[in-house]
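One structure is given below, encoded as structure tokens.
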Protein chains: 2
Amino acid sequence: MLPDQQLLRIPGPTPIPPSVQRAMAQPMIGHRGGETKELLHAIRPRLRPIFGTDQEVLVITGSGTSGLETAVVNTVQPGDEVLVVVTGAFGDRFTKICDAYQINAHRYDVEWGKAVDPNSIKQYLQDHPQIKVVFTTYCETSTGVLNPIKEIAEAVHNHSDALLVVDGVSCVGGVETKMDEWGIDVLVTGSQKAMMLPAGLTFIAASNRAWKVIEANQQSRFYLDLRKYRDNQLKDSTPFTPGLSLLFGLDQVLLLIEEEGLANVYARHRLMMEMTREAFRALKVPLLTSEIAASPTVTAIKPEDFKAEDLRKVVKQEFGLSVAGGQQHMKGEIFRIGHMGYCSPADVLQVIGAMEIGLKKVGKEIELGRGTRAAQEVYLNY
Amino acid sequence: MLPDQQLLRIPGPTPIPPSVQRAMAQPMIGHRGGETKELLHAIRPRLRPIFGTDQEVLVITGSGTSGLETAVVNTVQPGDEVLVVVTGAFGDRFTKICDAYQINAHRYDVEWGKAVDPNSIKQYLQDHPQIKVVFTTYCETSTGVLNPIKEIAEAVHNHSDALLVVDGVSCVGGVETKMDEWGIDVLVTGSQKAMMLPAGLTFIAASNRAWKVIEANQQSRFYLDLRKYRDNQLKDSTPFTPGLSLLFGLDQVLLLIEEEGLANVYARHRLMMEMTREAFRALKVPLLTSEIAASPTVTAIKPEDFKAEDLRKVVKQEFGLSVAGGQQHMKGEIFRIGHMGYCSPADVLQVIGAMEIGLKKVGKEIELGRGTRAAQEVYLNY
């Protein structure tokens, strides 16, 4: 193995583009001075197309979970009943946050690897009209499932007055997201996935309906009080000391996304997903998710005739290639390849080429190059 | 194409390892202070194993050509007759330097893509006993030929009193080199190839026999006077302002090489060469060099049924993958893939995977994945 080479293909944190690394290496500046004001002013409007919203996208210094907690403490108060749709480990996290705040959370579990059926949400809300907020996950990182948010939003809004809160951490920036058009009330993402930054920023926007709830909400909160972020950000400021180097990097990330074009960014992610899926299909290693539930940002694979952990170990050892394992009850059952953010079709070919060697090494009978060919065919026909 | 992604696979400059980038980003220090002295003291002995010598390996701030000129102006004076073995563009460069100094250079041309036959050198020296220095190239970057330096040294020393000067720019650090054992009198390399640094340093060592010639040499020289470098370096100093950030980087490069182990570094380069060669053989795209003349650091490919420049353009456009074209009369005839320095077998798989798509795009009839499979088989059987 080549020392100092990391092939980081977990579903976040993801590799940082060199120009973003350079941007983050800028010297610190005063966070209350004119330069930071200008930086925030330049960044603010450019986050909106990524969320698909005309609302202000607020930037909080904290990791993704702080964004999820922000969504909870700003929209719900003790005694409220909410519905948490759990399609994997990150849906589960919403229930843990609700538990910590003594929120009466109805948990709706979906088999890991499957997307939630919007009809079941509709039915649940009709049966439980007291539900005030529905928490759901756009891309469930732990399984590579992309939930049908547009249809979920329809189900929620056509059959209840509940707000729809969406955890978009592992896909927003890599997958088309239309917050306003679809009717998402609160959308959260993090910096360390398709946003190509280290962890440390979380982004959150709220609909007008959500803002009414947020304003009226009695839940105690201080650092995560969204009103403070909105009131400051509208004046190109932040309520608390911001993670400045991440803001320097964010400015450059937005430039890269604008240079490529959002539509091309989304197409690249879909292409990388298709390449990955076709490769493993060709190699006869089963995918965890069906075509319709698959996320363009992460692919989970569920081997039947070898141990996922053995393959992970061998590719790490041979190539410095990191892919993720399973979480919770999926531990040891699956492995997950991240293909989001600063990741190209050529990187996917590299992962597959290395994986084929890994598969041979763990004793799987494959035709070498077969997965690569399948991925190449997807690329050429795209 | 992903913005900000460079897949740099030309035969130098090569990608810089991230830890080396970080090392080079250290703040400047005084170049006459104790810290620089310590740095030079730490670096000096660690260059010797790479050259395979017990001599001091001198560090000059300048690019590879300044090292070649150093070799000329320190060993030869006007009126001297020398033999320049030209196996490609860089052998040719030695003749240009000799011309600039009115040196009587006999030029011995070898067909590009072939290595020099040591017997022909022996014959030439027997026919021209007045030759004082033989200039030759270890790896000829322009063709990917590795000349048989050990056998050339035998031919030179057994049949003449001439010194043997070797340009090792595009392979020293990636290919086993035994300066003392083989009898190389002056060996030169640069920083931007297997040494994993940006261009800006050149490394040069001389045998005892060579030092006698250097001391006596009447040729005018100032910046490139090797005696100045030796006298200063033995005191952990430099005669002129050194390229300090490159020295910071060099310290880290040596650490990486030591961590991997020189034998493993050499084995990795041979493996990458074999993977590349087998891949193109399997794809039925002809290699320029024979097995025996091939360099572990760069592979030249000479397509017959498509244009090399078309393929170079398409892989650059699709993947940001840079491979080199031909030089001089080989321009448009060949393309060259660098696989040296900070380059791993997984990187070679990426290049081949991307190249296969490029080959399809330029209309070459290939079986996708066939080259990848061949490279993977080499890896697994290594």
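Overview of values
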read-out	value
Selected residue [touching a residue at least 24 places away in the same chain (Cβ under 8 Å) and over 27 Å from residue A:47 (Cα atoms)] from A:262, A:288	A:288
Candidates A:345, A:286 - the one that is more than 14 Å from chain B (Cβ to nearest Cβ) and not small (Gly, Ala, Ser)	A:286
Filter pass, residue B:297 being more than 12 Å from chain A (Cβ to nearest Cβ), open to solvent by less than 20 Å² (accessible area, probe 1.4 Å) and among the polar types (S, T, N, Q)	yes
Residue check for residue B:367: among the acidic types (Asp, Glu), assigned to a loop (DSSP other than H, G, I, E, B) and away from chain A (no Cβ under 14 Å)	no
The range B:358-374, subset within 30 Å of residue A:3 (Cβ to Cβ) and not small (Gly, Ala, Ser), residue most open to solvent (accessible area, probe 1.4 Å)	B:373
Among residues of the range A:164-176, those that are closer than 19 Å to residue A:87 by Cα and surrounded by 24 or more Cβ atoms within 10 Å (Cβ to Cβ), counted	9
Any strands (runs of 3 or more DSSP E) falling wholly within the range B:46-165 and containing at least 1 residues that are of a type outside the set (S, T, N, Q) and in contact with an Asp or Glu (Cβ under 8 Å, 6 or more places away or on another chain)	B:81-86, B:104-109, B:131-137
Qualifying residue in the range A:75-93 (condition: under 28 Å from residue A:150 (Cβ atoms), touching a Gly at 6+ places or on another chain (Cβ under 7 Å), open to solvent by 20 Å² or more (accessible area, probe 1.4 Å) and of a type in the set (Phe, Trp, Tyr))	no
Lone unmet requirement of (1) closer than 21 Å to residue A:289 by Cα; (2) at the interface with chain B (Cβ under 9 Å from one of its Cβ atoms) for residue A:332	(2)
Selection from the range A:180-216 of residues that are of a type in the set (D, E, K, R) and surrounded by 22 or more Cβ atoms within 10 Å (Cβ to Cβ)	A:185, A:193
Qualifying residue in the range B:110-128 (condition: touching a Leu at 6+ places or on another chain (Cβ under 7 Å), without any contact (Cβ under 8 Å) to a residue 60 or more places away in the chain and under 27 Å from residue B:340 (Cβ atoms))	no
Residue count, the range B:100-133 (criterion: open to solvent by 10 Å² or more (accessible area, probe 1.4 Å) and under 24 Å from residue B:333 (Cβ atoms))	9
Residue in the range B:314-326 that is among the polar types (S, T, N, Q), in a loop (DSSP other than H, G, I, E, B), open to solvent by less than 30 Å² (accessible area, probe 1.4 Å) and more than 10 Å from every other protein chain (Cβ to nearest Cβ) present	no
Residues (closer than 21 Å to residue A:172 by Cα, away from chain B (no Cβ under 14 Å) and touching a residue at least 40 places away in the same chain (Cβ under 8 Å)) located in the range A:1-47	A:10, A:11, A:12, A:13, A:40, A:42, A:43, A:44, A:46, A:47
Among the residues listed as B:40, B:7, the single one being within 30 Å of residue B:352 (Cβ to Cβ), surrounded by 18 or more Cβ atoms within 10 Å (Cβ to Cβ) and touching a helix residue (DSSP H, G or I) at 6+ places or on another chain (Cβ under 8 Å)	B:7
Residue in the range A:22-29 that is in a helix (DSSP H, G or I) and more than 30 Å from residue A:351 (Cα to Cα) present	no
Qualifying residue in the range B:210-218 (condition: closer than 22 Å to residue B:27 by Cβ and either in contact (Cβ under 8 Å) with a residue 12 or more places away in the chain or touching a helix residue (DSSP H, G or I) at 6+ places or on another chain (Cβ under 7 Å) (or both))	no
Condition check for residue B:136: over 25 Å from residue B:81 (Cα atoms) and either hydroxyl-bearing (Ser, Thr, Tyr) or open to solvent by less than 20 Å² (accessible area, probe 1.4 Å) (or both)	no
Qualifying position, being modelled with pLDDT of 95 or more, within 14 Å of chain B (Cβ to nearest Cβ) and closer than 27 Å to residue A:75 by Cα, among A:194, A:199, A:267	A:194
Residue match in the range A:19-34 (condition: open to solvent by 50 Å² or more (accessible area, probe 1.4 Å), closer than 21 Å to residue A:257 by Cβ, in contact with an Asp or Glu (Cβ under 8 Å, 6 or more places away or on another chain) and modelled with pLDDT of 95 or more)	no
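Residue by residue, here is whether (1) within 12 Å of residue B:10 (Cα to Cα); (2) assigned to a loop (DSSP other than H, G, I, E, B); (3) open to solvent by 10 Å² or more (accessible area, probe 1.4 Å) holds:
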| site | (1), (2), (3) |
| --- | --- |
| B:292 | no, no, yes |
| B:340 | yes, yes, no |
| B:349 | no, no, no |
| B:353 | no, no, no |
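The values are calculated or read from the model by the stated rules, or taken from the named source; none is laboratory data. Not measured: the values here are computed from a predicted model. All Cβ positions, glycine included, derive from the backbone under ideal geometry; neighbour counts span all protein chains shown. Note: accessible area is taken over every heavy atom of the protein model, side chains too, but ligands, DNA and RNA are not part of it. Shrake-Rupley method; radii C 1.70, N 1.55, O 1.52, S 1.80 Å.
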